[in-house]
Each structure stands twice: as C-alpha cells, then as structure tokens.
Amino acid sequence: MTVTEPESTALPSTAEMNDSIRLIRDNADRIYQWNYTRERPQLVTLYNKAMASQWNSVTELDWSTNVDPEGLVDRSTPFMQIVIAAIDEPGSPIATWGDKEITQIGVENLKASLSQFMHGEQGAMMTAAKIVETVPWIDAKYYAATQTMDEARHTEVFARYLQEKMGDAYTMSPALEAQIVALLEDSRWDIAYLGMQIVIESLALAAFGDLLRRTTEPLLKKLLRYVISDEARHVAFGILSLQEYYENLTEAELFDRQEFMLENTIRNRNRSTNPEIWERMNVSVADVLPSLTSAAGRIGVHPYADFQKAFFSKLVPNTRKLGLLDANNGYLRKQWQEHGLMEFEFSDDTASDYDTYDAVAADRAAATNN
Ligand SMILES: [Fe+2]
Ligand SMILES: [Fe+2]
C-alpha cells in the first residue's frame with residue numbers, strides 16, 4: 001500500500017476560517033488521584049481492549065485510493081429525495097435544476113456532513129481530555145486517555161479525507177458548537193460524559209452507521225468501520241462510569257440530569273437543512289425552504305425519521321441503564337413517552353455489545369487466519 005503524507009495546508013483552508021480560534025473557559029475542578037489501585041474491573045477490561053484495538057490511520061487506511069466525489073452521491077437519501085421532489089414544486093426557486101445541480105448539492109451535502117463529523121471529533125477529543133482531568137477514578141482517567149487518542153485519530157482522518165478527497169470543508173454548525181462548548185464549560189464532570197459519551201456519541205453512531213450502510217467507496221467504508229469500532233467503546237465507557245456515579249446522586253441532582261436529556265432530545269429537534277449548502281448553490285434558504293417542506297409532505301419523506309430512529313435506539317436504552325428514566329417518579333420516562341421515544345427502551349445494548357462493533361479486531365483475526 002502506498003502511503004502519502006497529508007499536505008501541510010491546514011483544514012479548513014479557506015479565508016473565512018482564518019479567524020478560527022475559539023476560547024473556552026472550563027469551570028470544572030481538576031482532580032489529581034493518588035490512589036492507583038485498579039478498583040473497577042469493567043473499566044480495566046475496556047481500557048485493555050482500547051489499547052489492543054488502537055489502529056494506525058497512516059498505515060491501515062489506503063490513502064492512495066482514488067475518490068470521485070460525484071460518485072459518492074446517493075440520490076436515495078431522504079435529503080436528496082426531498083431536493084429532487086422540490087424541483088417540481090409550484091414556484092420553486094430550483095425549478096431550473098437538472099442533473100448537474102442535483103449532483104452538486106449531493107456533493108456539498110456530503111462535505112457538510114463530513115465537516116460536522118470532523119469538528120465534532122475535535123470536540124470529543126477535548127471532552128475526553130477534560131474527563132482525564134476531572135474524573136475522580138484512576139481507571140476512568142486511564143480509559144479517557146485512550147479515548148483522547150482515538151478522537152485525535154478520528155479528527156485527523158475526517159480532516160484528511162475532506163482535504164485530499166473532497167477538496168474543502170465547511171465551518172462548524174452553530175448548533176453543534178453551542179452543544180459541545182456547553183459541555184467543556186460545565187463545572188460538573190459527569191455532564192461532559194452525559195453530553196458526549198451518551199448523547200453526542202449515540203448521535204455519531206447513528207450518523208456514521210447510516211453513511212457506512214450507504215457508501216461503496218472503499219476508503220470511506222473502512223475509515224467509518226474503524227471509527228465506529230472506537231465509538232461503541234466510548235459509549236460503553238460513559239454508561240459504566242455514570243451508572244456508578246448516578247446511584248449516589250440525590251433526586252434533585254438526578255432531576256438536573258433528566259432536564260439535560262430533555263434539552264438534548266425533544267426540546268431541541270430543530271436540526272436545520274444546512275443553510276451553508278444552499279449558500280454555495282447560490283440559493284436563498286428562506287426561498288427554498290417552503291418548497292422543501294411542501295415536497296417532503298407530498299412524497300411522504302421525513303428528512304430525519306430514519307436518523308432519529310437510529311439515534312433513539314441507542315440513546316433511550318442507555319439512559320435507562322443510568323437510572324435516569326425512573327428517577328423522580330419516572331419524570332423523564334413520562335416526558336419521552338408523550339413523544340414516542342419509549343418504544344426504543346430495549347432496542348440496542350451498546351453497554352455490552354461494543355465487541356460486536358470491533359471491526360479492527362475482526363480484520364486482524366481474519367488476517368491471522370489467512
Ligand atoms: Fe470519535
Ligand atoms: Fe468517540
């Protein structure tokens with residue numbers, strides 16, 4: 001396999017990104033732990049697995065693979081179906097669009113998604129590093145250190161894929177930025193876990209899984225399989241740590257965490273249609289939105305239905321394991337019930353099935369057997 005080193009240009013490379021430093025003040029205390037006794041066997045197991053399944057982004061991915069960005073466009077995604085249908089809406093601002101523009105917006109949409117993955121991964125790297133500093137248990141500090149490395153690799157591979165194969169990247173979406181910055185600022189160490197390992201990593205598993213099922217491009221496929229292997233362990237890390245901690249919180253403290261989950265699910269569902277994509281296509285978002293909404297209704301496609309289903313199938317069972325559904329007389333359970341989330345209560349089990357996601361170990365076992 002030929003290995004090419006990434007070019008030195010920093011990503012995102014456009015002038016709009018030059019003013020790109022964001023200062024964040026963390027309000028959490030750092031904890032130095034003098035007790036080195038390994039007291040949490042499940043975290044020890046997870047840490048050992050994390051060490052064994054580290055992978056090398058330079059030698060284990062074939063960066064010489066030729067990628068045609070237009071060939072990556074999948075017209076069967078809910079987003080693409082809605083865009084294509086919107087062309088025929090009465091008074092549609094994209095009425096003149098043909099094949100060329102459809103492909104172009106498909107490429108832009110994929111770039112936008114991969115860009116948010118990249119920025120989110122950097123946020124995950126910083127959140128994991130915050131956990132190293134703030135969690136009081138030595139086993140959790142060790143594990144979070146391996147996660148910090150995992151997230152560095154994830155950030156790096158998405159950045160490199162965007163730079164070398166897609167050409168450029170988008171800036172971080174304000175919604176994702178606000179979500180991650182809030183975790184980095186919070187004074188309570190468990191909120192970094194709850195927001196990242198439980199909420200955002202469940203989101204990431206759903207989004208990466210969706211793209212992996214759709215893509216046939218071998219480099220992106222392998223990259224996603226390996227990233228997902230790591231993410232599944234990260235979610236398990238969150239559950240194993242918070243389960244123990246939440247057993248000892250008061251109902252009032254648990255109520256704050258239940259509210260946090262509501263903020264991150266039913267109260268915050270307004271995921272926008274990536275306004276920056278439309279800007280690049282020289283179409284005003286305000287103009288195109290009515291056509292998109294009406295087209296979605298006409299063809300009966302909900303833009304985020306599949307995605308939300310995959311997200312809630314991970315999130316709801318994991319929240320149950322933390323005891324957050326039933327604290328305060330089932331406060332969160334009742335709220336989620338009203339919004340139809342409780343049908344996912346027993347869907348997935350990322351606390352214990354992370355081994356089944358380990359494509360890195362599977363590939364290595366297969367290579368040894370051959
Ligand atoms: Fe990650
Ligand atoms: Fe992660």
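Laboratory data are not the source of any read-out in this text; all were calculated from the coordinates shown. What you are looking at is a predicted structure, and each value in this text was computed from that prediction instead of being measured. Neighbour counts run over all protein chains shown; Cβ positions are idealised from the backbone, glycine included.
Just a few scattered comments:
- The packing ranking, built from the mean of other Cβ atoms within 10 Å per residue, places the peptides 132-144, 28-40, 229-241, 324-336 in the order 229-241, 132-144, 324-336, 28-40, highest first.
- Cα extents for the stretch 70-369 along the principal axes, largest to smallest and rounded to whole angstrom: 61, 50, 36.
- For the options Lys314, Lys111, Lys165, a Gaussian network treatment of the chain with springs between C-alpha atoms closer than 10 Å singles out Lys165 as fluctuating the most.
- In the chain, lysine pairs with alpha-carbon atoms under 17 angstrom apart (chain gap of 8 or more, or interchain): 8
- Of all complete DSSP H helices in the chain, those with a Cα span along the helix axis of 20 Å or greater and a mean Kyte-Doolittle hydropathy of -1.0 or more are 99-134, 138-161, 218-247, 285-299, 305-321.
- Protection proxy ranking, highest mean first, for peptides 214-224, 188-198, 97-107: 188-198, 214-224, 97-107, where packing is the per-residue count of other beta-carbon atoms within 10 Å, averaged.
- GNM top mover of Thr127, Thr250, Thr155 - the chain, alpha-carbon springs below 10 Å: Thr250
- Positive dipole terminus of the chain, leading residue within His119, Gly297, Ile105 (C-beta point charges): Gly297
- Rg and Dmax [Cα atoms of the stretch 29-163; Å; Rg one decimal, Dmax integer]: 21.8, 69
- Across the chain, Cα pairs under 8 Å and at least six residues apart give a relative contact order of 23 percent.
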